[in-house]
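Peer 1: Here you go, one structure.
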Amino acid sequence: MIAPLVERVPPKKYGGTERLIHSLTEELIRRGHKVTLFASGDSLTSATLNSVAPKGLRELRIKPLYDVNPPLLQSLGRAFADMKGEFDVIHDSSGYSTLPFAEMSETPVVMTIHGPILPAYMPLYREFRKANLVSISRDIGSDFGDLNHIGTVYNGLNMEYYPFSNEHDGYLLYVGRICHDKGTHNAILAAKRLNLPLIIAAKIEETEAGHRYFRKYVKPHLNSQIQWVGEVDEEERNKLMTRAMAFLHPAPWREPFGLTLIEAMACGAPVIAFNRGSIPEIIQDGKTGFVVNNVDELCDAIRKIDTIDRAYTRKYSLENFNEKRMTTGYEEAYKKVIAKQHGAIVSLIDPKTTASA
């Protein structure tokens with residue numbers, strides 16, 4: 001199991017991919033699989049841990065964080081230097097830098113693609129086609145075209161112990177990254193129009209553009225109504241989700257999945273999100289929240305948020321986006337690529353058997 005090195009597994013605060021890898025790894029071990037996790041040295045895992053960095057790269061201030069860097073290449077080199085044939089399958093979540101390694105690997109490779117494949121990277125995917133690609137939503141998978149795409153497995157977490165409340169404290173909540181793509185400005189605009197409190201529990205995107213965005217679109221609006229509490233850990237975030245009137249995800253970008261959406265729903269908070277990318281696959285419109293197209297519709301949805309059954313919202317999330325369902329989907333992927341390696345006929349993963357919205 002190859003994780004990005006940006007954050008610990010599981011993350012101390014922000015880090016959706018690392019949280020998913022932790023859930024998947026622990027559930028695989030509970031099912032009797034032997035797992036080696038390539039991740040930062042402070043990761044908390046039942047797997048055999050192999051690390052080239054004592055902590056996550058963000059904590060070590062190693063850059064570039066989200067691109068190819070020496071520690072990541074070192075970690076990939078270790079994972080693919082499988083001279084003794086120790087691994088039946090290599091599962092990568094670190095991104096396109098794995099593709100040349102996978103091309104030379106005798107061990108079958110499953111690669112989860114956690115976002116859209118940018119046009120600039122498509123030639124790399126088309127040339128190095130040996131990795132078996134898994135998408136995290138049908139919408140994102142529709143882009144893969146003639147690539148070696150073996151199907152979709154929805155994200156899942158162990159959310160059984162997430163706190164729940166059937167009541168709320170009347171505030172709106174935004175969690176994640178403060179940046180244009182995630183639509184922080186749209187959440188602020190809706191809160192101001194309706195004169196409702198908004199809590200922003202998020203980190204500033206660590207780019208020059210991210211800091212410019214914060215200074216222009218967020219900082220001028222901060223006051224007793226619009227509160228920025230910074231990046232919070234999982235416990236504090238869950239408390240905020242439990243008591244939120246609604247969880248806002250008004251992102252103008254094409255959302256590949258939106259892990260915070262299923263976490264908010266698990267806490268009982270209805271989710272209102274822009275109709276981009278995977279959003280209609282994750283939210284049951286009118287039942288676990290609302291799928292909207294603009295800020296006007298976002299405000300209308302907030303006005304009728306109390307029509308959403310918070311207990312049903314939690315039940316829906318736990319049943320459809322849990323770690324057991326996700327792990328079963330990946331087990332099927334592993335079996336298929338191993339069979340393919342030995343010349344067996346392989347059919348695509350059916351997303352309906354892994355998770356449904």
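Peer 1: Any residue at all in the range 57-75 that is closer than 26 Å to Asn148 by Cα and surrounded by 21 or more Cβ atoms within 10 Å (Cβ to Cβ)?
Peer 2: yes
Peer 1: Among the residues of the range 234-265, which ones are assigned to a helix (DSSP H, G or I) and out of contact with any strand residue (DSSP E or B) (no Cβ under 8 Å at 6 or more places or on another chain)?
Peer 2: Listed by number, the residues that qualify are Glu234, Glu235, Asn238, Lys239, Thr242, Arg243.
Peer 1: Checking Asp306 against (1) over 15 Å from Ala187 (Cα atoms); (2) in contact with a helix residue (DSSP H, G or I) (Cβ under 8 Å, 6 or more places away or on another chain), which test does it fail?
Peer 2: All conditions are met except number (2).
Peer 1: Scan the range 1-52 for residues that are aromatic (Phe, Trp, Tyr) and in contact (Cβ under 8 Å) with a residue 60 or more places away in the chain and report the count.
Peer 2: 1
Peer 1: Of the residues Leu133, Leu196, which is touching a residue at least 12 places away in the same chain (Cβ under 8 Å) and assigned to a strand (DSSP E or B)?
Peer 2: Unique residue meeting the criteria: Leu133.
Peer 1: Would you confirm, using the coordinates I've provided, whether Leu298 is touching a residue at least 12 places away in the same chain (Cβ under 8 Å), buried (at least 18 other Cβ atoms within 10 Å of the Cβ), within 26 Å of Arg325 (Cα to Cα) and hydrophobic (A, V, I, L, M, F, W, C)?
Peer 2: no
Peer 1: Another question, if that's okay. Just checking, which of Met111, Met159 is surrounded by 14 or more Cβ atoms within 10 Å (Cβ to Cβ) and without any contact (Cβ under 8 Å) to a residue 24 or more places away in the chain?
Peer 2: Of the residues listed, the single one that is surrounded by 14 or more Cβ atoms within 10 Å (Cβ to Cβ) and without any contact (Cβ under 8 Å) to a residue 24 or more places away in the chain is Met111.
Peer 1: Moving to a separate point now. Can you say whether Tyr330 is at pLDDT 95 or above, closer than 24 Å to Val110 by Cα and either in contact with a Lys or Arg (Cβ under 8 Å, 6 or more places away or on another chain) or assigned by TED's automatic domain parsing to the domain that holds Asp88 (or both), as far as the supplied structure shows?
Peer 2: In short, yes.
Peer 1: Also, I was wondering about something else. Kindly provide the set of residues from the range 216-233 that are outside any helix (DSSP H, G or I) and touching a Lys or Arg at 6+ places or on another chain (Cβ under 9 Å), ordered by number.
Peer 2: Within the range 216-233, Gln225, Ile226, Trp228, Gly230, Glu231, Val232, Asp233 meet the criteria.
Peer 1: I'd like to know if the range 17-31 contains one or more residues that are part of a loop (DSSP other than H, G, I, E, B) and of a type outside the set (S, T, N, Q).
Peer 2: The answer is yes; a qualifying residue exists.
Peer 1: Looking at Phe87 and the list (1) of a type in the set (A, V, I, L, M, F, W, C); (2) surrounded by fewer than 20 Cβ atoms within 10 Å (Cβ to Cβ); (3) touching a residue at least 40 places away in the same chain (Cβ under 8 Å); (4) part of a helix (DSSP H, G or I), which single condition is not satisfied?
Peer 2: Of (1) of a type in the set (A, V, I, L, M, F, W, C); (2) surrounded by fewer than 20 Cβ atoms within 10 Å (Cβ to Cβ); (3) touching a residue at least 40 places away in the same chain (Cβ under 8 Å); (4) part of a helix (DSSP H, G or I), only one is false for Phe87: (4).
Peer 1: I would also like to ask the following. How many residues does the range 26-44 contain that are among the charged types (D, E, K, R) and within 16 Å of Asn158 (Cβ to Cβ)?
Peer 2: Number of matching residues: 4.
The values are calculated or read from the model by the stated rules, or taken from the named source; none is laboratory data. Given the structure is predicted, the values throughout are model-derived calculations rather than measurements. We place every Cβ from the backbone using ideal geometry, glycine too, and count neighbours over all the protein chains shown.
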